[in-house]
Structures are given as structure tokens and as C-alpha cells.
Amino acid sequence: MIAAVRGTVLAVAGTSAIIEVGGVGLQVAVTPSHALELRIGTEASMRTALIVREDELALYGFADQDSRELFDLLRGVSGVGPKSAMAVLAALAPADIASAVAREDDAAFRKVSGIGPKTAKLIIVSLAGKVHVAAGTRSGPTASPTISENVLVALVGLGWSERVAAQAVDDAIAAASESERDSVPTLLRHALARLTPGSGPVPK
């Protein structure tokens, strides 16, 4: 079992990252928000889970131990595979998952793509009394993964490198109000305002 990796980020695209560990590039599946935190050329450290199947070896990466533990708990629910578990973690922070389970709010899980009403209720029942989110879990400003991705894609489409665009998105999220973080156009304007002339679009 590969429980954790630490190495240089070679590439990041969408929900996939390549981390060089001991001269070997490991492809790791991550959530969109986690991907935005990774910077090519810098060192990254993450908890991981290796899923072994007859036709596939898949490595999943997590920014913290809470997310890693929730991944295992979610996979233990009937009808929830690794990809569905990652979809839940992409849509809901560990603290949000814990809150939804405590309030028996299955609606929070029904909003996740691929999670139906029956599975959402099973998640509530299966995770009841098992979710213990550490007090140190990150709680800084965030935006919906979909909104963040759309803004990032827009900036890359305008010609900025993914590294520069990702940093601008992070800065925009930190500076924007809660309501502004729910709007792609508004968040995009914040990000564009933080892009300096020297980091301009790559010539085509």
C-alpha cells in the first residue's frame, strides 16, 4: 500500500497530477481544489490510497488526513466506488461532510454528480458516528470546484500559463467576498485584476 508520497510536481491537469518520487513519475488522481494548490516544479506531499483492480492500479491523493479517512469511509458505502468518493470530496469539504452526516442532510450528497437519493441516504446511515474531522482542517476561503475550474480554464484560454492562472485564481478567491466566489464572471474579473503585465498571455 502506498500511503503517502512526497516529490516534485511534474504536471497538473484537471484532476490529475504527476509527482516524481525517486526518479519515478506517479500519476495521482486529486480533487479540482487540491489540483489548484499544486505548482509545477515545487515539492508536494500528500496522503494517498492505492486501489488495486484486475485491470488497473489507481493512486488517489489527498491534501490532508481527514480527506484520506473520509475516502475510505465513503468507499465502504454500498454503491460508492473510488471515483464517486472523490466526487463527494470534490464537492464537499471534510467539515461539510461531517456536518451533513450529523444533521442527516442527505440533500448535500444528492447534489454530487453520480450520487442518487438511495446512495445519499446510505452515506448518511453508514457514516453516522464515524466521521471525526480534526479541528485543524483547513477552513480558508473557497469557491465551488466547478467555478474555480471554469475561471482557470478561461484564463488559460486567454493565453496565461496554467501555473500563473492557478495562482491568480487562488488570490482572487482569497480576496473575493462569499457571494463573489459563487460567480464565474466576478471571480474572473478579480483574477484578471491580479495578473500583472509581466505575466501576460503566452504568445501564440
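For the reader, a short list of remarks on this structure follows.
- If the condition is being surrounded by 14 or more Cβ atoms within 10 Å (Cβ to Cβ) and not β-branched (Val, Ile, Thr), then the range 5-24 contributes 7, 10, 11, 17, 20.
- Any hit, the range 45-54, residues being of a type outside the set (Ser, Thr, Tyr), surrounded by fewer than 14 Cβ atoms within 10 Å (Cβ to Cβ) and at pLDDT below 90: yes
- Residue under evaluation residue 23, criteria (1) in contact with a Phe, Trp or Tyr (Cβ under 7 Å, 6 or more places away or on another chain); (2) over 25 Å from residue 114 (Cα atoms); (3) not aromatic (Phe, Trp, Tyr), criterion not met: (1)
- Positions within the range 54-76 being of a type outside the set (Gly, Ala, Ser), touching a residue at least 24 places away in the same chain (Cβ under 8 Å) and over 12 Å from residue 131 (Cβ atoms), in sequence order: 59, 60, 62, 64, 65
- So residue 64, is it surrounded by 15 or more Cβ atoms within 10 Å (Cβ to Cβ) and of a type in the set (D, E, K, R): yes
- If you go through the range 160-192 and keep only what is assigned to a helix (DSSP H, G or I) and hydroxyl-bearing (Ser, Thr, Tyr), you end up with just 186.
- Applying the criterion of at least 2 residues that are out of contact with any strand residue (DSSP E or B) (no Cβ under 9 Å at 6 or more places or on another chain) and modelled with pLDDT of 90 or more to the helices (runs of 4 or more DSSP H) found wholly in the range 70-159 leaves 82-91, 94-102, 107-110, 117-127.
- Residue within the range 12-27 that is of a type outside the set (A, V, I, L, M), outside any helix (DSSP H, G or I), modelled with pLDDT under 90 and under 25 Å from residue 152 (Cβ atoms) present: yes
The values are calculated or read from the model by the stated rules, or taken from the named source; none is laboratory data. Given the structure is predicted, the values throughout are model-derived calculations rather than measurements. All Cβ positions, even for glycine, are placed from backbone atoms using ideal geometry, and neighbour counts span all protein chains on display.
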